[in-house]
Amino acid sequence: MTETILEWLSEHQTEVLGAILGMIYIFFSIRQNIFTWPTGLISSFLYVIVFFDVKLYADMGLQVYYVVISLYGWYFWMKGKKPDAQAQVPVRLTTSKLRYMLVAASVVLYALILFILKNFTDSDVPYLDSLTTALSIVATWMLAKKYVEHWLIWIFVDAVSAGLYVYKGLWATVILFSIYTFMAIYGYFAWKKDLLKRVEAAS
């Protein structure tokens, strides 16, 4: 049994390391720690390799996007700090107008990614891959801007993704995204609590 586990780990080193860094990334994200971005960047780079190997092309492209948005988020969180160097970029709520724009962006991204997967790749799960990828693009941008509702999107995306990775046999990633789902629930309430404290302090 031990030999089987060690053999599996040796054959899936990239996935396991990516999953471990992914868990560290979500921990930092909940804590609103700047190390969210470097750990996320490295994890995403590793998952570009993992998803290419199993033909999850939209997810692979999403990881490339994560690398880019990690650099942006890193810059935004640093630039947004106040002169005392201790204050964080504040958590905030989306406006009604922004919510409509995000829904529209999600639909457009979904249609575009689905068209590409169905016509230019050999993906066997184009619909789910497109859906989780489109929503993840939007949610990651919201994280960079610190909109609290991004956690609600992640709860859905992570749960659906865990099922998708079961189908693909990516067991370390199944565990990772199952943990992501519960941590996203915790993250939502943690950020909401922080937001309420700021509102009370300002009133």
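To the nearest ten degrees, helix 13-30 and the longest principal axis of the Cα atoms of the chain are 20 degrees apart. Let's test the formula: R0 of 22 Å, r as the Cβ-Cβ distance of Y75 and R99. What FRET efficiency results, to the nearest 0.05? Given R0 = 22 Å and the Cβ-Cβ separation, E is 0.30. For the residue pairs K79/K192; K97/K168; K118/K146; K118/K145; K145/K197; K145/K193, the alpha carbons lie more than 28 Å apart in K97/K168; K118/K146; K118/K145.
At a 1.4 Å probe radius, carbon and sulfur cover how many percent of the accessible area of the chain? Intermediate values should be presented prior to the final figure.
Numbers: 7880 of 11060 Å².
Answer for the chain: carbon and sulfur cover 71 percent of the accessible area.
Work through the residues other than D53 whose Cβ is under 15 Å from its Cβ and net out their charges, Lys, Arg +1 and Asp, Glu -1. Counting the neighbours of D53, the net charge comes to -4.
Contact order for the chain, expressed relative to its length and based on alpha carbon pairs under 8 Å spaced 6+ residues apart, stands at 21 percent. Sequentially through the stretch 61-69, phi angles give Karplus couplings (6.51, -1.76, 1.60; θ = phi - 60°) of x, 4, 5, 4, 4, 4, 4, 5, 5 Hz, Gly and Pro residues having no value and appearing as x.
Here the Gaussian network model covers the chain, with springs between Cα atoms less than 10 Å apart; of M101, M142, M23, M101 fluctuates the most. For the chain, what does the helix formula give at 222 nm: sum of -39500 (n - 2.57) over DSSP H segments with n ≥ 4, over the residue count, nearest 500 deg cm²/dmol? So the helix-based figure for the chain works out to -28000 deg cm²/dmol.
In the complete set of protein chains, residue-level accessible area for V103 is approximately 90 Å², probe 1.4 angstrom. Extending 7 Å from the Cα toward the beta-carbon at both K193 and A111 defines two label points whose distance is 4.2 nm.
Here the spin labels are modelled as points 7 Å beyond Cα on the Cα-Cβ line, and at I49 and A201 they lie 4.2 nm apart.
Against the chain, whose longest principal axis comes from its Cα atoms, helix 171-202 is set at around 0 degrees.
Would you mind getting the accessible area per residue of the stretch 56-184, heavy atoms of the protein chains only, 1.4 Å probe, in Å²?
Values: 6420 Å² over 129 residues.
Ligands and nucleic acids excluded, the figure is 50 Å² per residue.
For L17 and V67, calculate 0.36 nm times their separation in residues minus their Cα-Cα distance, and state this gained length in nm to one decimal.
Details: separation 50, 0.36 × 50 = 18.00 nm, distance 1.62 nm.
Working it through step by step, the gained length comes to 16.4 nm.
The values are calculated or read from the model by the stated rules, or taken from the named source; none is laboratory data. Predicted, not measured: the structure shown is a model, and the values here were computed from it. Cβ atoms come from the backbone with ideal geometry, glycine included; neighbour counts cover every protein chain shown. The protein model used for the area step is the full one, side chains on, heavy atoms only, and it has no ligands, DNA or RNA in it. Shrake-Rupley method; radii C 1.70, N 1.55, O 1.52, S 1.80 Å.
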